[in-house]
Amino acid sequence: MLSSRQLLSLIHQLPEDSEFKTHAPPPFGRDGDWTVMQKIAAETHNELAAYRASKYSGTPHEYMYTKYSSPLASRRQHELDSAENEFIESAREELLEDAFGDQ
């Protein structure tokens, strides 16, 4: 039989890239987010690619790159984009109702 203390010790000793630590909610895991090293690699790529793209902007050999973001950051950005789109759509409907509502 495993005590809760032993189980917690085993969880904390799991590798950072294990399935449990990746998908478990905090404080035991990252809730689907990348490890720190994966985030560092992605940010390094993003910075270097943006620098390279800035060197070729406005030339015939313009460089387009893929920006990498962690699953958690992508999820948050999607939520922000959805909220912004809902606001724009409701404001548009309100404006159209005010302009053409009596016709």
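In the stretch 64-89, the qualifying residues are those that are small (G, A, S) and under 17 Å from T22 (Cβ atoms), and the one that is surrounded by the fewest Cβ atoms within 10 Å (Cβ to Cβ) is S74.
The set of residues in the stretch 46-85 that are outside any helix (DSSP H, G or I) and charged (D, E, K, R) comprises E62, K67. Of all residues in the stretch 18-50, those satisfying the criterion of being more than 13 Å from T66 (Cα to Cα) and among the hydroxyl-bearing types (S, T, Y) are S18, T22, T35. Quick check on the stretch 12-51: of everything there that is surrounded by fewer than 15 Cβ atoms within 10 Å (Cβ to Cβ), in contact with a Leu (Cβ under 8 Å, 6 or more places away or on another chain) and of a type outside the set (G, A, S), which residue is farthest from Y63 (Cα to Cα)? Only one residue tops the list, namely F20.
Since every read-out is calculated from the coordinates, none of them should be taken as a lab result. Being a predicted model, the structure only gives us computed values, none of them experimental. Virtual Cβ from ideal backbone geometry, glycine too; neighbours counted across all protein chains shown.
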